[in-house]
Amino acid sequence: MTIESFGGKAFNLFKMAAFNKVAVPPFFVVSADLYRLLLKEDKALAQMVGRLNDGLKLPQVEELTEKIRGYFGKVTLPTAAEKEIITAYQNLDGIKPLVAVRSSATTEDLAEASFAGQQDTYLNVSGDRQLLTSVKKCLASLFTTRAVMYRRRQKVSQKRAALSVVVQKMVKPVVSGVAFSVEPTTGFARVVRIEAAFGLGEGIVQGLVTPDTFLVTKSGVMLARDMGAKEKQVVKAAGRGTKIVATSKKQARSWTLTDGQVLRLAETVKEIESYYGHFVDVEYAVDSKGKIWLLQVRPETKWQALADKNPSLIPLSQARLDAEVARKPTLTGLGVSPGAAAGRAVFLGEGESLLKVKPGNILLTKRTDPDMVPAMQVCGGVVTAVGGRTSHAAIVSRELTLPAVVGTENLGQLKRLDGQDLTIDGDTGLVYRGLLPLKKRSADIDTGNVPKTRTRVGLILADVNQAFKLSKLSENDFEVGLLRAEFILGRIGIHPKALDEFDQGKLARTAPKVSQAIKDKLVSSGFTSGKKYFVDGLASGMGAFAQAFFGRPVIYRTTDFKTNEYKAQLVGGELYEPDEDNPMLGNRGTGRYLQDENLKYLGWELEALDIARSKFEGDNLELMLPFVRTLFEAQEALKFIKAKAKTGKLKVIAMSEIPSNALIATEFIKVFDGFSLGSNDMTQLVLGTDRDNQKLAATYDEHDPAVVKAILATIFAGLKQGKKVGFCGQGVSDSVIIAGLVSIAGITSASVVPDRYLKTKELIASLEKQKIKVKDLGEWLAASFKRKYRASQSAKDALYVNVDWRGVVASALNLGGISSFAAAQKLIDKRR
């Protein structure tokens, strides 16, 4: 039995049927020999097929393929073949049941290309005549324009292509779906992703419906579940074939699968992956008795190819949206193909000419289908109203390395955006008005070639898709030095106090419109309680990061929104947050949490952390408190955390970002398990400047001696107490001086944004090779500033050159509680 005879789909079906741990509906296969016989004996047909290799242009291909398909409709199958097909049908499960008739091309479901949706499938076929007609239609579908153009792009000869036909007994599904044994957007291999919708699976495969989505670790932990809109479903038509019907409101707002079914299905997919020896893509159905049937298995093509070719490679070579310039999104959907794109939006309606889409346009449409592939090949990005991570739009966009957002669930808005400039983020699933600046393409990371450093280099992260993609970094000495809560909270999208007052019934009286908006959001997400929605959403987000870097420290910083950010980004924020003249210095950080009206919500975050650490195997999660102004705040917060935290020994770290943290670092470090230097706020507050004020931009400088002293005092205090000190900020990647002073001083780790990781590793490795002792740090700083500013005429630059840097280092050493350079060096050597 070979793919050459039976095609990829049938070959994999035979293999799955031999695996006794899964249920497969009965089937038989009409081999590709029938197609080849027709081609051999019919000269006119062979001649037409041969012309497809002549480099015809698209209009000529469309004309010729239509002619070939019409020709197949008039072909009479050999009598012996017809008899054989009808006999096999008669013997299928002892009756002539309703069947699915599926094309299985010899170029389909190969390891190097998916050929997703290029040939046709016919469902609910009944009777000899319908069956024979459907077989001929399947053979003809080898010559749709989309299939021919796809083979051309994949450089597959049209003469080489052949097709068999799978005839399989129909399952009467209550629920159908698709599952991947690898996260299809990011390549994260520790999870199984499952999508499910009511009715037949065509609803998901064709992108007609936004399905429920479940993420399960291969150790059997339900990590996340997201309720899809499921507004429609594909069902059996009264006569033959299928029809699309509306899903009842009750069904649409209920889960398709029970937790038990999800976990059982995930375990089955994991076993199939082990049986096949590679990542797989599985189609399944669940009948009215709850039995799970496996309908198809395909090799997952993209990530398996990378794993086979270079398992240590992390592909990052895509444009990214600069998080600093992102604004409130116009639309939110699922990010299914990574990268970002900006361009003029073009809405493509059903039946409209593909020539409407020009190179670089953002293609907007209700859903994509195989006929749209030529337009997808030229556009800059895709946004659809419906669909999930395994819809046609998602699969083809990933194959084309095209940024894509699906399931925005607002077709009317997509139509209104036609002709406007848009920026889309295929990582986060967000769509913005206007052409936002994109970061340059960053280099791929080969974890096998990353230089080793004594100073740990980690990441600052907010997006779980990015975490999944970068998960291979956990194979090295690594940590997530800062996991920002704000992005997870932004996805939750509702002010915690608004959720609390919703649960109490108070909001319905005081702000009925906000209350209704929250109710709609909760119901569409499968929740009735605002608190549970918040806590479960936060716990799931934390758990996903913990799984991405399993066994490596992931430091979660509690929410550090400023009042203006609470108002701008969270539903209900305007009800509770005042207007502040300078939110940077306003009601934020740990002090905010300790206020009576907010302490409860710190409790919610701690409850979520407990769930992530226990239920989601997140023992590697640590806690970081932001903007701790005083020792009293530190002690009160730690007292509350100790009373609330329930899961084992939890490490609690403080952001050192306020002058008081550095001035009495020796006292702060006694009550915490470590520090993380927040250089942005530390610089701003030490110098009394405002980094959001353009007129004061020149004052903001991490190289200032006062800032350097504050940074070093924090590091030395941690050294003295034997506790970790990290650095979070772009200073270590942007400045050789900052990178040098922290690594020479003995910092534990330095964390940067992902596209600076490799550069920072290389920079610190080169500095460590110089083997500079802490006693020489002052001289090194003086020489570094001299090199940096040798040609400068600036009085400020001249001042930096002439600073007594040895004195600055010695003063910081004293502030950190260390008696001498020799004592400091001894502590550094012991740590490393």
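The values are calculated or read from the model by the stated rules, or taken from the named source; none is laboratory data. Computed from a predicted structure; not experimentally measured. Note that we place each Cβ from the backbone using ideal geometry, even for glycine, and neighbour counts take in every protein chain shown.
A few comments on the model shown:
- Only one of the listed residues (VAL386, VAL346) is in contact (Cβ under 8 Å) with a residue 12 or more places away in the chain, touching a strand residue (DSSP E or B) at 6+ places or on another chain (Cβ under 8 Å) and not in a loop (DSSP other than H, G, I, E, B). That residue is VAL346.
- Residues that are at pLDDT below 95, part of a loop (DSSP other than H, G, I, E, B), of a type outside the set (Gly, Ala, Ser) and within 18 Å of VAL174 (Cβ to Cβ) occur in the stretch 248-259; there is at least one.
- Residue within the stretch 400-418 that is among the hydrophobic types (A, V, I, L, M, F, W, C), under 14 Å from the mean Cα position of the chain (by Cα) and part of a helix (DSSP H, G or I) present: no
- Failed criterion for GLY380 (all others in (1) over 18 Å from the mean Cα position of the chain (by Cα); (2) in contact (Cβ under 8 Å) with a residue 40 or more places away in the chain; (3) under 21 Å from MET149 (Cα atoms) hold): (2)
- Residues located in the stretch 549-603, provided they are of a type in the set (Gly, Ala, Ser) and under 17 Å from ASP681 (Cα atoms): GLY586, GLY589, GLY591
- Enumeration of residues in the stretch 401-424 that are at negative phi and out of contact with any strand residue (DSSP E or B) (no Cβ under 8 Å at 6 or more places or on another chain): LEU411, GLY412, ARG416
- Residue within the stretch 799-807 that is of a type in the set (D, E, K, R) and in contact with a helix residue (DSSP H, G or I) (Cβ under 9 Å, 6 or more places away or on another chain) present: yes
- For the stretch 209-222, a residue qualifies if it is of a type outside the set (Phe, Trp, Tyr) and either part of a helix (DSSP H, G or I) or buried (at least 24 other Cβ atoms within 10 Å of the Cβ) (or both), and the qualifying residues are VAL209, THR210, PRO211, ASP212, LEU215, VAL216.
- Filtering the stretch 735-761 to residues that are assigned to a helix (DSSP H, G or I), farther than 18 Å from PHE821 by Cα and either of a type in the set (Val, Ile, Thr) or not assigned by TED's automatic domain parsing to the domain that holds PHE716 (or both) leaves VAL736, ILE737, ILE738, THR760.
- Restricting attention to the stretch 785-820, the residues that are of a type outside the set (Val, Ile, Thr) and at pLDDT below 95 total 17.
- Sole residue being within 18 Å of LEU602 (Cα to Cα), hydrophobic (A, V, I, L, M, F, W, C) and over 21 Å from the mean Cα position of the chain (by Cα), chosen from ALA498, ALA517, ALA539: ALA498
- For the condition assigned by TED's automatic domain parsing to the domain that holds CYS728, buried (at least 16 other Cβ atoms within 10 Å of the Cβ) and not small (Gly, Ala, Ser), VAL686 qualifies.
- Residue count for the stretch 534-571, restricted to those that are over 19 Å from MET584 (Cβ atoms) and of a type in the set (S, T, N, Q): 2.
- Test: ARG491 is among the basic types (Lys, Arg), in contact (Cβ under 8 Å) with a residue 24 or more places away in the chain, closer than 25 Å to LEU623 by Cα and not in a helix (DSSP H, G or I): no
- The stretch 471-488, residues that are crowded, with 22+ Cβ neighbours inside 10 Å and part of a loop (DSSP other than H, G, I, E, B): PHE478, GLU479
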